[in-house]
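Have a look at the structure below, then the notes.
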Ligand code: FES
């Protein structure tokens, strides 16, 4: 990944304002931001390791461990919670066999929170491998469980 980081900075620049775009690019490329990459990212942008670590840990969007082959994100924002999101989360964890915020031991699926997908009127909502799924109910969870089993 060091070569990827150096190449990215050569194209996009090494200003401090490039930290978020570079972190997104690293995550897009590697699937997550390994703690071992923090020194290289800091060096590339002339930042301290603490600066980079602080940003990586502050934003929910940055993943610090490898994701499962499938990623299911459930909306935890207000409107989806008012539409039964908490109960859906409990049911999803049972059906997918993984706790919220975790990756199943076989690496098949990760279950993660997300905070509003802009589909509030048709919640509770999820993202399944980046695809929005609205009106999550027991039947939808069954379909998602089948999808991520593949
Ligand atoms: S609150 Fe869930 S999509 Fe907006």
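Tabulated results
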item: With Cα atoms, 0 to 90° folded angle of helix 49-58 axis to the chain main axis; result: 20 degrees
item: Once the Cα gyration tensor of the range 70-149 is diagonalised, semi-axes √(5λ) in Å; result: 19, 12, 11
item: Rounded to 10°, Cα long-axis angle of helix 138-149 versus longest principal axis of the chain; result: 50 degrees
item: Helix axis angle, 19-30 relative to the chain longest principal axis, alpha carbon, degrees; result: 70 degrees
item: 16 Å tail of the calculated P(r), the range 2-58, as % of Cα pairs; result: 28 percent
item: At R0 = 35 Å, FRET efficiency that the Cβ-Cβ distance of residue 143 and residue 17 yields, to 0.05; result: 0.25
item: Ordering of 56-63, 39-46 by burial proxy (mean other Cβ atoms within 10 Å per residue, highest first); result: 39-46, 56-63
item: Residue-averaged [θ]222 nm for the chain, counting only DSSP H segments that reach four residues, each worth -39500 (n - 2.57); result: -13500 deg cm²/dmol
item: Kirkwood Rh and Cα Rg combined as Rg over Rh, evaluated for the chain; result: 1.05
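Where a number appears in this text, it was derived from the coordinates with a stated rule and is not lab data. Since this is a predicted model, take the numbers as computed values, not measurements. Please note: Cβ atoms are built from the backbone with ideal geometry, for glycine as well, and neighbour counts cover all protein chains shown.
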